[in-house]
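The values are calculated or read from the model by the stated rules, or taken from the named source; none is laboratory data. What you see is a predicted model; the values in this text were computed from it and never measured. FYI the Cβ positions are ideal-geometry reconstructions off the backbone, even for glycines, and counts take in every protein chain you see. Accessible surface areas use protein heavy atoms only, side chains included; no ligands, DNA or RNA. Shrake-Rupley method; radii C 1.70, N 1.55, O 1.52, S 1.80 Å.
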Amino acid sequence: KNLARYLRDASTLRVDVLDPKGPRVVGSAQVPLAALDANKPINGEFAICTRAKKHLGTLEVGLELDYSTVSSFEINEHMAASDLSLPLFPESTQEARDAALAAHGTAASAVAPAECARTP
């Protein structure tokens with residue numbers, strides 16, 4: 001619960017790309033963390049930009065929270081407290097399948113910040 005709240009408060013994760021010839025940052029990518037939660041991974045490609053806002057390439061990222069050391073009761077409590085889209089009553093099997101497919105379709109995202117100019 002606290003980790004998910006911390007990540008939402010952080011809002012983005014900056015990933016620095018280093019020069020292989022020396023300890024110099026050549027660019028960075030911003031990965032949005034607000035949507036990351038149990039059963040809601042972040043998967044996608046994110047733009048790598050220099051400090052001068054030049055587009056260098058993309059970074060493929062996959063992040064997933066794993067509460068494997070937490071009991072299923074604690075996970076369900078966390079999800080009930082943090083995910084307002086959860087129903088108050090059990091869904092039918094078909095509704096559950098549709099919801100799962102919709103969730104997986106929205107988990108992937110691609111971000112190319114407007115301030116990062118692509119060069120041909």
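Residue count for the stretch 1-30 satisfying the condition of being polar (S, T, N, Q) and part of a loop (DSSP other than H, G, I, E, B): 1. Remark: residue 59 matches the filter, which requires a residue to be open to solvent by less than 50 Å² (accessible area, probe 1.4 Å), over 26 Å from residue 80 (Cα atoms), modelled with pLDDT of 90 or more and not basic (Lys, Arg). Hey, does the stretch 6-23 have a residue that's in contact (Cβ under 8 Å) with a residue 60 or more places away in the chain, out of contact with any Asp or Glu (no Cβ under 9 Å at 6 or more places or on another chain) and open to solvent by 80 Å² or more (accessible area, probe 1.4 Å)? Looking for residues that are in contact (Cβ under 8 Å) with a residue 60 or more places away in the chain, out of contact with any Asp or Glu (no Cβ under 9 Å at 6 or more places or on another chain) and open to solvent by 80 Å² or more (accessible area, probe 1.4 Å), one finds none in the stretch 6-23, hence no. A Cβ distance below 7 Å, combined with a sequence gap of six or more or placement on separate chains, defines the contacts here; from the stretch 36-65, residues that are farther than 27 Å from residue 3 by Cβ reach residues that are open to solvent by 20 Å² or more (accessible area, probe 1.4 Å) and basic (Lys, Arg) in the pairs 55/118.
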